[in-house]
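Have a look at the structure below, then the notes.
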Amino acid sequence: MGKSLLSELTHRPYSKTKNPDGTRNPQLRIGVEAILPYHSFLSDWGDRYQSIMRTALNALQSGQSEDDIEKKFQGKFDIDWAWADSVASDAKGIFDQLTTARDLRIKALDDDIKAGWKSVALTIELMEQQLANPTRKNMKGFARRLMGLESKISRLERKQVEKEEFSKAKRLHICFGSSKLFNAQYHLEENGYSSHEQWRVDWERKRGGNFYSVGKGSVSGNNPVAKIFYINNDLFSVTFTVPRFLRSKYGDTVSLEFEVSGQRKHNLLYALESGKPVTVQCFRREHKNDQWYIHLTTYVQDVPTVSSINNGCIGIDLNAESIDIIYIKRDGNPERCRNAISFAIPTGTTGQKEAKLRDIVCEIVKLAELYQCPIACENLDFSTRKNQLRHSGSKEYNRILSGFIYDKFRSYLVVRAEKHGILILFKSPFMTSIIGMVKYMQKYGLNSASSAAMVIARRAMGFREYIPQKWLKTLTAFFRPEDWKDVGFGGGWKKISAWLKKFSIRRPHLFQLDTVLRFLLNSLVNESQKKTHKRRKPGGSDKSGGSRKGKAKPTEAQVLLEREEAVVTNSGAFTVAP
């Protein structure tokens, strides 16, 4: 059974050590980053480490295990056991990521191919109809559409071949150093290189400048070969155990100092004093003048949960154009003094969008802290839709969906909420928009997105969303008996959704439910009459021997329609033409 969405996004693992009662304490994973002063050891070991790690990745692809790499690489590259263990762990992480990426690529190709052939079939059917009725309008641009169809079929065939190659391939491919720089060696002058040697200097530099060490809480400095110590004030030090092949140049150890302040300092001090493992990664940032940084990953005490479902819930509905939230009290109704809040989807560069998105998440978590309530969000997966974008037909929708930031939003939300003790609940989005529009949009004066957010919050609180009695009584002939009992999820809500779509009832119309119900009743009765009406033979039916004349017995739907018309007429309400 696969992991839940929350378990994939959470930064709250459990400690390895057990309590006397056999339970494990939850803890919060954090990251601390600081600037390192430059030392030539960083460059020498960073470049060599990446070369060893790429060799380890090839070994994993050839069938070797992490234990085999740890044992063999100590003597092969003249490094300590702890460095070999870090190399094997780093390579295994990349290997797992490549495996996942290949599976996702195969799924993307499969979704694209299925949607593509479906689109081709519909296009062929349409073109056959146009050929059967060759009017001037139908034949306009026919040759161009035919060429486009041929091009689409060729593309789908290439995608099919690519999918089969991915499925059969045993090796996972990755280009360390970027494919753009790799291809630059074939066009040296166009990319500003006078020789291949000059290009190779940049290539080797791009592929290096990074090394990693797995933490261990039971050793001094909380790491076997990259020990972290506190000096004073905001000053810390990291002491690297120099790999054996570099000790003639640098000695046994290299120590560097760095500064950490504020809450990060307190978190790091707690981890060091509590014996938590501190995993160290050192890397060079090219876009910051090749400055070296150290990133520490460790664990601190879990933040106690301050939110309770008894205080209500905040619902979030994420759309292609806005993020809508609403607070729902414990009784299932929205807070009157604080109406729904809507945030526009961030635009701009990737960095700008991420910064704005974090600000939105902060505002939502602050509101949850104010009410001390959990946050409910939809459990959506847009991967399949994104894979089928090319064949959807709507360029505007494709543009919005391709830049959709739902995955980032929910990951930011989980991390931020965990740091402030707010519980995140992921709920099914099934029929939330339809339920919200039908039940709450008119009642509370909400827009469609806010009413959907209200349904999500109520669902997280355990409320059941029954079909309104007014809908059931008015359209009783078109519902099944079970729709009255099982909340409507046996087919009732699906029917309502289908009717709204079929009869082109727009969302603003639902603010006038009486009008909508009358229109639906008229439309459904007329439709049922067309399906069930049968012409009688002259002189009546066969059973009556031609003696019966007059009108047929009205159907149940017609009786209901006449009764509803009488009620509306007597009350002076408006009528809607079918």
Could you pull out the residue among Asp290, Asp317 that is in contact with a strand residue (DSSP E or B) (Cβ under 8 Å, 6 or more places away or on another chain), of a type outside the set (Gly, Ala, Ser) and on the phi > 0 side of the Ramachandran plot? Asp290
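Got at least one residue in the stretch 130-138 being in contact (Cβ under 8 Å) with a residue 60 or more places away in the chain, of a type in the set (Val, Ile, Thr) and loosely packed, with under 15 Cβ neighbours inside 10 Å? Reasoning before the result, please.
We begin by selecting, within the stretch 130-138, every residue in contact (Cβ under 8 Å) with a residue 60 or more places away in the chain; these are none.
No - not one qualifying residue is present in the stretch 130-138.
Hey, among the residues in the stretch 491-502 that are of a type outside the set (Ser, Thr, Tyr) and surrounded by 15 or more Cβ atoms within 10 Å (Cβ to Cβ), which one's farthest from Thr432 (Cα to Cα)? Step through it out loud before you land on a result.
Here is the first cut: in the stretch 491-502, the ones of a type outside the set (Ser, Thr, Tyr) are 491-496, 498-502.
The next check asks that each one be surrounded by 15 or more Cβ atoms within 10 Å (Cβ to Cβ); those that pass are 492-496, 499-500.
On the way: Gly492: 14, Trp493: 10, Lys494: 11, Lys495: 14, Ile496: 12, Trp499: 16, Leu500: 14 Å.
Across the stretch 491-502, the extreme among qualifying residues is Trp499.
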From the residues in the stretch 204-238 that are charged (D, E, K, R) and over 11 Å from Ala82 (Cβ atoms), which one is modelled with the highest pLDDT? Asp234
Given the conditions (1) at pLDDT 95 or above; (2) touching a strand residue (DSSP E or B) at 6+ places or on another chain (Cβ under 6 Å); (3) charged (D, E, K, R), every one holds for Arg264 apart from (1)
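Counting only residues that are hydrophobic (A, V, I, L, M, F, W, C) and assigned to a loop (DSSP other than H, G, I, E, B), which one in the stretch 36-85 is nearest to Trp203 (Cα to Cα)?
Ranking the qualifying residues of the stretch 36-85, first place goes to Phe77.
Identify, from the list Lys92, Lys18, Lys76, the residue that is modelled with pLDDT of 90 or more, exposed (fewer than 15 other Cβ atoms within 10 Å of the Cβ) and among the basic types (Lys, Arg).
Values: Lys92 fails: exposed (fewer than 15 other Cβ atoms within 10 Å of the Cβ); Lys18 fails: modelled with pLDDT of 90 or more.
None of the other options fit; the residue is Lys76.
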Identity of the residue in the stretch 425-450, of a type in the set (D, E, K, R) and assigned to a helix (DSSP H, G or I), that ends up farthest from Tyr466 (Cα to Cα): Lys443
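Any residue that is of a type in the set (S, T, N, Q) and surrounded by fewer than 21 Cβ atoms within 10 Å (Cβ to Cβ) - is there at least one of those in the stretch 226-235? Break it down into steps so the answer makes sense when it comes.
Initially, the stretch 226-235 is screened for residues of a type in the set (S, T, N, Q), giving 232-233.
If we keep only those that are surrounded by fewer than 21 Cβ atoms within 10 Å (Cβ to Cβ) as well, we get 232-233.
Yes, because at least one residue in the stretch 226-235 is of a type in the set (S, T, N, Q) and surrounded by fewer than 21 Cβ atoms within 10 Å (Cβ to Cβ).
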If I ask for residues that are closer than 24 Å to Met461 by Cα and without any contact (Cβ under 8 Å) to a residue 12 or more places away in the chain, which ones from the stretch 283-332 would you list? Asp331
Here are some conditions: (1) surrounded by fewer than 19 Cβ atoms within 10 Å (Cβ to Cβ); (2) out of contact with any strand residue (DSSP E or B) (no Cβ under 7 Å at 6 or more places or on another chain); (3) of a type in the set (Asp, Glu). Asp85 meets all but one. Which one does it not meet? (1)
Would a scan of the stretch 268-282 turn up a residue that is closer than 25 Å to Gln74 by Cα, in contact (Cβ under 8 Å) with a residue 24 or more places away in the chain and in contact with a His (Cβ under 7 Å, 6 or more places away or on another chain)? yes
Among the candidates Phe182, Phe211, which residue alone is crowded, with 16+ Cβ neighbours inside 10 Å and not in a loop (DSSP other than H, G, I, E, B)? Phe211
In contact (Cβ under 8 Å) with a residue 60 or more places away in the chain and out of contact with any Lys or Arg (no Cβ under 6 Å at 6 or more places or on another chain): which single residue out of Phe426, Phe430, Phe489 fits that description? Phe426
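Has the stretch 266-287 got at least one residue that is assigned to a helix (DSSP H, G or I), among the basic types (Lys, Arg), outside the structural domain of Leu423 (by TED's automatic domain parsing) and surrounded by fewer than 18 Cβ atoms within 10 Å (Cβ to Cβ)?
The first filter runs over the stretch 266-287 and keeps only residues assigned to a helix (DSSP H, G or I), leaving 266-273, 286-287.
Subset that is among the basic types (Lys, Arg): none.
No: the stretch 266-287 contains no residue that is assigned to a helix (DSSP H, G or I), among the basic types (Lys, Arg), outside the structural domain of Leu423 (by TED's automatic domain parsing) and surrounded by fewer than 18 Cβ atoms within 10 Å (Cβ to Cβ).
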Only one of (1) under 30 Å from Val238 (Cβ atoms); (2) in a loop (DSSP other than H, G, I, E, B) fails for Arg171. Which number is that? (1)
Total residues in the stretch 192-202, condition in contact with a helix residue (DSSP H, G or I) (Cβ under 6 Å, 6 or more places away or on another chain) and under 20 Å from Gln50 (Cβ atoms): 1
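The values are calculated or read from the model by the stated rules, or taken from the named source; none is laboratory data. Keep in mind that this is a model prediction, so the values were computed, not measured. So basically every Cβ, Gly included, is an ideal-geometry build from the backbone, and we count neighbours across all protein chains shown.
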